[in-house]
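Colleague: Below: one structure in C-alpha cells.
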Amino acid sequence: MAKLTEEQKRQRAAKRALRSALDAEADDRRHREQDERWKREGTRLSWADYVAGEPCRGCGEPMQDGLGDWYPLMKLSESEKREYEEADRRFRERHADCRGGRWGISGSRVTHCGFCCPPPPMGPKRLEKLARLFASWPTREERKKDLDTWDLTLRCDHVVPHIQHREHSHVSARVVDCPECGERRGVVSSERVGPAYRDDGTIRERAAADRDWLTRELAAAEAKLTRQRKSAEATQRRIAELQEELGSEA
Ligand SMILES: [Zn+2]
Ligand SMILES: [Zn+2]
Ligand SMILES: [Zn+2]
C-alpha cells in the first residue's frame with residue numbers, strides 16, 4: 001500500500017475528530033435525556049430514602065449490601081472469585097448497551113450502572129464539606145488573572161470562546177453550547193488564545209464564553225444541591241452569587 005501523503009493524513013485526522021465530536025454530542029444528549037427522565041419520574045433517592053435502605057430506583061438492586069468490597073481480587077477465595085465473575089457477567093449482560101461505566105458504594109458488592117442508576121444522594125457531612133469548599137473558593141475577581149481563553153471549533157464549524165484556568169493544558173469539555181446554533185455541539189478542536197482578562201480586569205473575549213462558564217458552574221452547583229433536599233446554607237449562598245454574576249453578564 002502506498003504511503004499516505006501529509007494531506008491524506010490531515011484529512012483522516014479531521015474525519016476522526018469530527019466523528020468523535022458527533023459521538024460525544026450523541027452521548028451528551030443521551031445523558032441529558034436520562035437526567036430529565038430521572039427528574040420526571042423521581043428516580044433519584046433522597047438522603048432520607050437512602051438512609052431508610054430504599055433500593056436503587058435505576059436497577060432495583062439494593063444501594064449497598066454491606067458485604068465488603070470485592071477488591072483486591074487477589075485476596076478473594078476461590079468461591080468468592082467465582083461469585084465475582086458471575087456478578088460481573090450478569091452486570092455486563094444487563095447493561096450491555098449502557099456505556100456508562102459502573103459504580104458501587106464502598107463496603108458493598110452491589111454494582112450500579114453509570115447510565116441506569118442515579119448516583120447516591122449526598123449526606124449532610126458531604127454537603128457540609130462542599131459548603132466549606134465553596135466558601136474557600138477565591139472570588140471571581142481573584143480568579144481573573146489565572147484564566148485563559150480558548151477558541152473551540154465545533155462540529156457545526158462555529159468557533160466559540162471558552163474560559164478556563166491556566167493550569168489546564170487542554171479543554172476537557174467535549175460538548176458545549178453553541179450560541180449560534182442554539183444547540184449543544186461537539187468540540188472538534190481547541191486552541192489556547194491567551195489570558196482571558198486584561199490587566200485592568202476587563203474581559204478580552206466577552207459575553208458568550210463568560211456566560212457559558214458561569215452557566216456550567218451554576219448547573220454543577222445546582223446539581224450538587226438538588227441531590228439532596230436539605231441544603232447547606234453556604235452552598236445556597238454560592239448559587240445566589242453565581243446567579244447574580246450570571247444575571248449581571250446578561
Ligand atoms: Zn442501580
Ligand atoms: Zn445500565
Ligand atoms: Zn453552531
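Colleague: Sequence-distant or interchain residues sharing an amide H contact under 5 Å with R102, placed H: which?
Modeller: So R102 has HN proximity to G114.
Colleague: Based only on Cα atoms, what Rg/Rh ratio does the chain have, Rh being taken as Kirkwood's radius?
Modeller: 1.03
Colleague: I would also like to ask the following. Using alpha carbons only, how many angstrom separate the centre of segment 39-81 from the centre of segment 102-159?
Modeller: Answer, in whole Å: 22.
Colleague: I've got another one for you. Based on other C-beta atoms within 10 Å, arrange W38, W47 from fewest to most.
Modeller: W38, W47
Colleague: Given 0.36 nm per residue, what is the gain on full extension from E191 to A220 after removing their alpha carbon distance, in nm?
Modeller: Going from the current span to full extension adds 8.0 nm.
Colleague: Using a simple spin-label model with points 7 Å from Cα along the Cα→Cβ vector, what separation in nm is obtained for H158 and Q236?
Modeller: 3.6
Colleague: If you don't mind, there's one more thing I want to ask. Which whole-number percent is the relative contact order of segment 1-99 (Cα, under 8 Å, 6+ apart)?
Modeller: Result for segment 1-99 is 9 percent.
Colleague: Now for a different question. Bins of 10 Å, beginning at zero and ending with the bin holding the largest distance: percent of Cα pairs per bin for segment 131-194, please.
Modeller: Bins of 10 Å from zero give 21, 42, 28, 9, 0 percent of pairs.
Colleague: Checking the cross-link filter: which aspartates and glutamates have an alpha carbon closer than 19 Å to that of K81, excluding same-chain neighbours under 8 positions apart?
Modeller: Result set, ordered by chain and number: D65, D69, E93.
Colleague: Next question, about the same structure. Say each of A17 and C181 gets a label point 7 Å from the Cα, pointing the same way as Cα to Cβ; how far apart are those two points in nm?
Modeller: 1.6
Colleague: Which whole-percent values make up P(r) of segment 89-210 when all C-alpha to C-alpha distances are grouped in 5 Å steps starting at zero?
Modeller: Percent of pairs per bin, in order: 2, 9, 13, 12, 12, 14, 15, 12, 7, 3, 1, 0.
Colleague: Equivalent-ellipsoid semi-axes (√(5λ), Cα gyration tensor) for segment 47-113, whole Å, largest first?
Modeller: Those come to 21, 17, 9 Å.
Colleague: A follow-up question, please. For D65, list long-range residues whose amide hydrogen, built 1.01 Å from N in the peptide plane, is under 5 Å from its own amide hydrogen.
Modeller: HN-HN under 5 Å from D65: R109, V110.
Colleague: Also: Rounded if a/c is under 1.5, else prolate if a/b beats b/c, else oblate: with a ≥ b ≥ c from the C-alpha gyration tensor eigenvalues square-rooted, which is segment 1-92?
Modeller: The shape class here is oblate.
Colleague: Read phi for every residue in segment 60-68 and hand back ³J(HN,Hα) as whole Hz from Karplus 6.51 cos²θ - 1.76 cosθ + 1.60, θ = phi - 60°, with x for Gly and Pro.
Modeller: Couplings: x, 7, x, 5, 8, 10, x, 7, x Hz.
No lab work stands behind these numbers, since they all come straight from the coordinates. Here the structure is a predicted model, which is why all the values come from computation and not from measurement. Counting neighbours? That spans all protein chains shown, and the Cβs are built from the backbone with ideal geometry, glycine included.
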